[in-house]
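The values are calculated or read from the model by the stated rules, or taken from the named source; none is laboratory data. Keep in mind the model is a prediction, meaning the values are calculated, not measured. As a convention, Cβ positions derive from the backbone with ideal geometry for all residues, glycine included, and neighbour counts pool all protein chains shown. For accessibility, only protein heavy atoms count, side chains too; no ligands or nucleic acids. Shrake-Rupley method; radii C 1.70, N 1.55, O 1.52, S 1.80 Å.
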Amino acid sequence: MLCIVGCGAAGLAAALESREKKIVIIDGKGAASAISPWNMQAEQGLKEKMLNTGKINNREILDYFIENYSTAKEFLEKHNIKLRKSNMGIIPNYRMVGKELTEIFRKKLIEKGVKIVEGNVKGIRVKGDKLCSIVVNSKEIYAENFIFAFGGLGNLYKYSTYVGAASNLLAACLEAGFEIGNLQYNMFHPFLIIDKKLPNTLLSGTLLQKMRFINSQNKEFLSEEIIEALKNNKYHYLFSKMCREFYAESLKNKIYAEILLNENEFNEYKQRDEFGWIFANRKLSEIRRFRITPAFHYSLGGLTIDRNAKTSFENVYAAGECTTGLHGCERVGGVAIAEAIIFGITAAKNANNGKLCRKGKLIKIPEIDEKHRQLFWELLGPIKRKKKLETFIDENKRTDDIYIKLALKAAELSLDGNLGLNYVID
Ligand SMILES: Cc1cc2nc3c(=O)[nH]c(=O)nc-3n(C[C@H](O)[C@H](O)[C@H](O)COP(=O)(O)OP(=O)(O)OC[C@H]3O[C@@H](n4cnc5c(N)ncnc54)[C@H](O)[C@@H]3O)c2cc1C
């Protein structure tokens, strides 16, 4: 049997493409894929862009990704997903892309006979470098083969562009001895809407070019370089710098986004843009100015995999945002969905040699609470402070809390000297 944890783009692609007769897929509440517009970068020059942006990419993984890039589009076309051209490359032609595609693929899984289990994973049983079972809804699911597709660390941060299931398996994987890397690297996004007038969601896409960003004193605070980059849609290559400017201001003042379109232009934008739904039924005069904050957006660190999508555990493969290596210390926007699909399919192809194991050690995974979220945001947010990291490490060495252990590992890696585009202030 194959047990897949996660029902986002990576898990869905793996379940749809697997030839295993008996498949169980576990879906907790929340998935980045379900709220994502699935915008995908054009293929041309992508490898150079990713190398220049990420700087320390795993070349084996990057080469494999580029060699197989067309697979993502072919997978969508094979499943009759309509595509159109976008500002980046291509995008599925649906109003609420993530939500609608998730529904389409889930229906296909049911037709295929895949068992979907809804629930939050509460534990994993391991024996040496083998995974025996997954604990969910007070039951233990044993399988020969597993695919981890449990997404990123969004639920561990106070401000986040997506919130996943109530527990996070990466912490349990660390405890179990999986090889994990790059926890010091995350992608933060400046544009999480936190205004009661609008949904609490990420704003991105073409509207950013037609906005002004001001603080509570009505003053613009961004550097000329970032203002120009935003205007000209070139900000993707300056993401960390842009986020740091927003974050530094957010520590002093509230931040607001102001729309510079007229009513007609705004109505047209609402109809045609993938983020237009955010403003549905709202007049421009009501929401011309709204509050935003920087937020956690994407985990660059995670489970180490090879080009076969195999983790350091014998019978566990992994795909999507829960893995690491492809993006180095920063990521080009618009490649995460392709990554999830390509490695999801690869994992499905290879996850078939495992053996059943029993009587291993059970690692329990408690729910994440507000204290964890506050801690991750303040300690491991867009700006990390050396003293704070050192004190945290000193004070928590003997902790039993698996999330604090994950934070400790990220803190230690952050102090290692190679922070890439993230940085430490004394
Ligand atoms: C708002 C937004 C917009 C984005 N836009 C784009 C874009 O345009 N293009 C692009 O390429 N990328 C984009 N991204 C990034 C991309 O969408 C994600 O990286 C990608 O969807 C991750 O897919 P995944 O399958 O790895 O994880 P997810 O989609 O997050 O799925 C994880 C799954 O695992 C389950 N799970 C996790 N933990 C547990 C647990 N303990 N118990 C049970 N189940 C669990 C979750 O419930 C979920 O089903 C965007 C992200 C966001 C948030």
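A few points about this structure:
- Strands (runs of 3 or more DSSP E) contained entirely in segment 101-174, each with at least 1 residues that are within 9 Å of the ligand (Cβ to nearest atom) and open to solvent by 30 Å² or more (accessible area, probe 1.4 Å): 115-118, 121-127
- Test result for Phe376, away from the ligand (no atom under 11 Å from the Cβ), buried (at least 22 other Cβ atoms within 10 Å of the Cβ), within 18 Å of the chain's Cα centre (by Cα) and aromatic (Phe, Trp, Tyr): yes
- Residues that are touching a Phe, Trp or Tyr at 6+ places or on another chain (Cβ under 8 Å), away from the ligand (no atom under 13 Å from the Cβ) and within 20 Å of Thr346 (Cβ to Cβ) number at least 1 in the following helices (runs of 4 or more DSSP H) confined to segment 4-83: 9-17.
- Residue check: Asn352 meets all listed conditions (1) touching a strand residue (DSSP E or B) at 6+ places or on another chain (Cβ under 8 Å); (2) more than 30 Å from Ser240 (Cβ to Cβ); (3) free of Cβ contacts under 8 Å to residues at least 60 places away in the same chain but one, namely (3).
- The residues of segment 266-278 that are free of Cβ contacts under 8 Å to residues at least 24 places away in the same chain and touching a Lys or Arg at 6+ places or on another chain (Cβ under 8 Å) amount to a single one, Gly276.
Yes/no per residue for (1) out of contact with any Pro (no Cβ under 7 Å at 6 or more places or on another chain); (2) crowded, with 17+ Cβ neighbours inside 10 Å; (3) aliphatic (A, V, I, L, M):
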| residue | (1), (2), (3) |
| --- | --- |
| Glu17 | yes, yes, no |
| Trp38 | no, yes, no |
| Gln44 | yes, no, no |
| Glu48 | yes, no, no |
| Glu60 | yes, no, no |
| Tyr64 | yes, yes, no |
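- Pairs where the first residue, in segment 145-166, is over 16 Å from Val121 (Cα atoms) and the second is open to solvent by 10 Å² or more (accessible area, probe 1.4 Å) and basic (Lys, Arg), C-beta under 7 Å, 6+ apart: Tyr157/Arg373; Lys158/Arg373
- Listed by position, the helices (runs of 4 or more DSSP H) inside segment 206-306 whose residues that are open to solvent by 40 Å² or more (accessible area, probe 1.4 Å) and under 25 Å from Gly154 (Cβ atoms) number at least 1 are 239-250.
- When the residues of segment 86-100 are filtered to those that are in a loop (DSSP other than H, G, I, E, B) and free of Cβ contacts under 8 Å to residues at least 40 places away in the same chain, the one that is nearest to Lys73 (Cα to Cα) is Asn93.
- Flag for Ile227 being without any contact (Cβ under 8 Å) to a residue 24 or more places away in the chain and on the phi < 0 side of the Ramachandran plot: yes
- Residue list for segment 177-203, restricted to those being surrounded by fewer than 20 Cβ atoms within 10 Å (Cβ to Cβ) and either touching an Asp or Glu at 6+ places or on another chain (Cβ under 9 Å) or touching a residue at least 24 places away in the same chain (Cβ under 8 Å) (or both): Gly177, Glu179, Gly181, Ile194, Asp195, Lys197, Leu198, Pro199, Thr201
- Checked against (1) closer than 25 Å to Lys310 by Cα; (2) open to solvent by less than 20 Å² (accessible area, probe 1.4 Å), Pro92 passes all but a single condition, namely (1).
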